[in-house]
1. Taking the residues in the range A:347-369 that are surrounded by fewer than 24 Cβ atoms within 10 Å (Cβ to Cβ) and more than 18 Å from residue A:245 (Cα to Cα) as candidates, determine which candidate is farthest from the chain's Cα centre (by Cα).
2. Is there a residue in the range B:21-43 that is in contact with a strand residue (DSSP E or B) (Cβ under 7 Å, 6 or more places away or on another chain) and within 8 Å of another protein chain (Cβ to nearest Cβ)?
3. For the structure I just gave you, tell me whether residue A:70 is within 19 Å of the chain's Cα centre (by Cα) and without any contact (Cβ under 8 Å) to a residue 12 or more places away in the chain.
4. For residue A:287, state whether it is at pLDDT 95 or above and under 19 Å from the mean Cα position of the chain (by Cα).
5. Of all residues in the range A:393-417, which are more than 14 Å from chain B (Cβ to nearest Cβ) and at pLDDT below 95?
6. Residues to consider are B:72, B:61, B:21; find the one that is more than 16 Å from ligand 1 (Cβ to nearest atom) and under 21 Å from residue A:256 (Cβ atoms).
7. Please verify whether the range A:233-243 includes one or more residues that are part of a strand (DSSP E or B), without any contact (Cβ under 8 Å) to a residue 24 or more places away in the chain and away from chain B (no Cβ under 14 Å).
8. Go through the range A:78-93 and count every residue that is surrounded by fewer than 24 Cβ atoms within 10 Å (Cβ to Cβ) and near ligand 1 (Cβ under 6 Å from one of its atoms).
Ligand SMILES: Cc1cc2nc3c(=O)[nH]c(=O)nc-3n(C[C@H](O)[C@H](O)[C@H](O)COP(=O)(O)OP(=O)(O)OC[C@H]3O[C@@H](n4cnc5c(N)ncnc54)[C@H](O)[C@@H]3O)c2cc1C
Ligand SMILES: [Zn+2]
């Protein structure tokens with residue numbers, strides 16, 4: 001039976017007609033009681049289960065997913081991983097995630113195809129270059145890599161960029177983060193699932209959490225479509241559905257759910273080997289390993305739970321792409337989709353205890369929580385195991401809205417929501 | 001492209017509108033007695049319902065705020081009307 005993946009097992013299975021592979025995780029029936037239950041089988045939920053088992057030795061754990069594992073935003077995102085934020089609290093969080101990503105393939109024994117091809121954020125005017133310089137300074141002071149590029153250096157990174165001197169958004173310079181990149185989204189979910197399962201975690205798909213079990217004012221478990229499951233501690237990692245579950249637990253969150261969409265073109269020969277974002281258009285794109293051009297942009301501006309996406313934003317994103325890469329006008333788009341993202345007023349996540357004792361939050365990642373999956377899982381596991389914050393998650397507690405100590409990345413790094 | 005009904009201008013393109021806030025929020029008063037938690041709840045907490053919702057929208061073209069009831073899953077608009085002093 002082939003459990004560990006390696007070049008040797010690949011060769012061996014090739015010779016044996018691929019008959020020895022095992023399913024990457026089990027499909028167990030839910031047990032009546034666990035030490036810890038995590039709601040939501042996206043990247044954050046699965047990573048939480050893995051780190052509970054790995055870092056804290058808590059292995060009697062279940063991840064409860066209403067549909068299929070990784071079918072939420074984790075399987076719908078454009079996979080960009082970076083840490084070019086403004087505030088020290090944010091850089092500490094996202095750089096921790098990036099550092100964990102750098103060793104993740106080996107750690108999970110699963111090829112997550114992390115490609116550190118760099119992110120190029122292009123500025124178009126003297127004023128934007130000042131903002132760019134400020135971002136680069138902040139990133140360097142916070143201890144992560146960042147460089148300010150001249151127009152020639154920027155064009156060198158992405159030669160097909162629009163060189164027309166009369167362009168609406170000319171290339172005036174750029175911020176470059178070389179350690180940033182992209183990874184295979186499904187592989188991150190599957191890799192964590194397989195590794196968590198290997199440590200004894202039950203991954204229960206097709207099981208929706210419908211309510212909370214509250215005893216003596218404390219969360220004692222969950223009601224699900226497959227019965228009651230009791231738990232010593234409960235974690236919530238359901239992204240766009242956080243408010244729906246919060247309502248069942250009797251509290252409200254500073255979250256609005258929106259659709260965020262993306263598109264891919266037909267596959268073409270290699271022509272773009274970094275991730276490019278324009279400050280002016282808000283459109284960003286890169287080329288997938290299969291050759292498709294993957295394109296994304298801002299939120300649909302209508303609060304929504306429809307995983308669909310409205311046409312006006314498609315037009316904005318695609319016109320942005322044509323401004324950036326005029327030659328991409330020849331591309332045919334193959335697919336369009338949307339995810340249901342959880343947007344917080346300061347564009348920073350919510351990690352910490354919820355108003356219901358025994359229930360802990362990991363949500364509010366909005367348009368940017370793929371890059372943070374290893375950190376989000378690590379920090380929620382720490383909270384659930386110890387009942388206390390890790391130093392990195394402390395600033396992201398819900399209490400920041402009452403104290404006024406927001407981590408305003410909407411203003412700080414111009415996250416477009 | 002979806003059409004939203006402005007109570008003043010009739011059905012217009014969704015791109016002409018801006019979402020402002022959920023309806024039904026009341027300014028906590030008197031200011032001196034409002035705790036930080038109540039103030040934070042007023043400013044930031046949302047119902048964010050999955051399904052029918054009542055919201056305040058701005059029709060940027062005519063500059064009027066109005067109330068709209070709609071479904072956040074199907075995007076069907078149930079109705080809209082001018083604000084009558086309340087939100
Ligand atoms: C189009 C798009 C592009 C994006 N691009 C990027 C990017 O380039 N870089 C980046 O860092 N981030 C990006 N993001 C954001 C990123 O995808 C998310 O922040 C991240 O995947 C959130 O992970 P999660 O595990 O919290 O949520 P999800 O992956 O959404 O998982 C939550 C899970 O909870 C389940 N669930 C919900 N309700 C229940 C219930 N009642 N019971 C049981 N289970 C339930 C859902 O089915 C779902 O599987 C993008 C998002 C989208 C939509
Ligand atoms: Zn009007």
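The values are calculated or read from the model by the stated rules, or taken from the named source; none is laboratory data. Quick caveat, the model's predicted, so the values are computed rather than measured. Cβ sites come from the backbone with ideal geometry, for glycine too, and all protein chains shown count toward neighbours.
1. This residue is A:367.
2. Taking every residue of the range B:21-43 in turn, none turns out to be in contact with a strand residue (DSSP E or B) (Cβ under 7 Å, 6 or more places away or on another chain) and within 8 Å of another protein chain (Cβ to nearest Cβ).
3. So residue A:70 does not fit the description; no.
4. yes
5. A:409, A:411, A:412, A:413, A:414, A:415, A:416
6. Sole residue among the options that is more than 16 Å from ligand 1 (Cβ to nearest atom) and under 21 Å from residue A:256 (Cβ atoms): B:21.
7. no
8. Counting residues in the range A:78-93 that are surrounded by fewer than 24 Cβ atoms within 10 Å (Cβ to Cβ) and near ligand 1 (Cβ under 6 Å from one of its atoms) gives 2.
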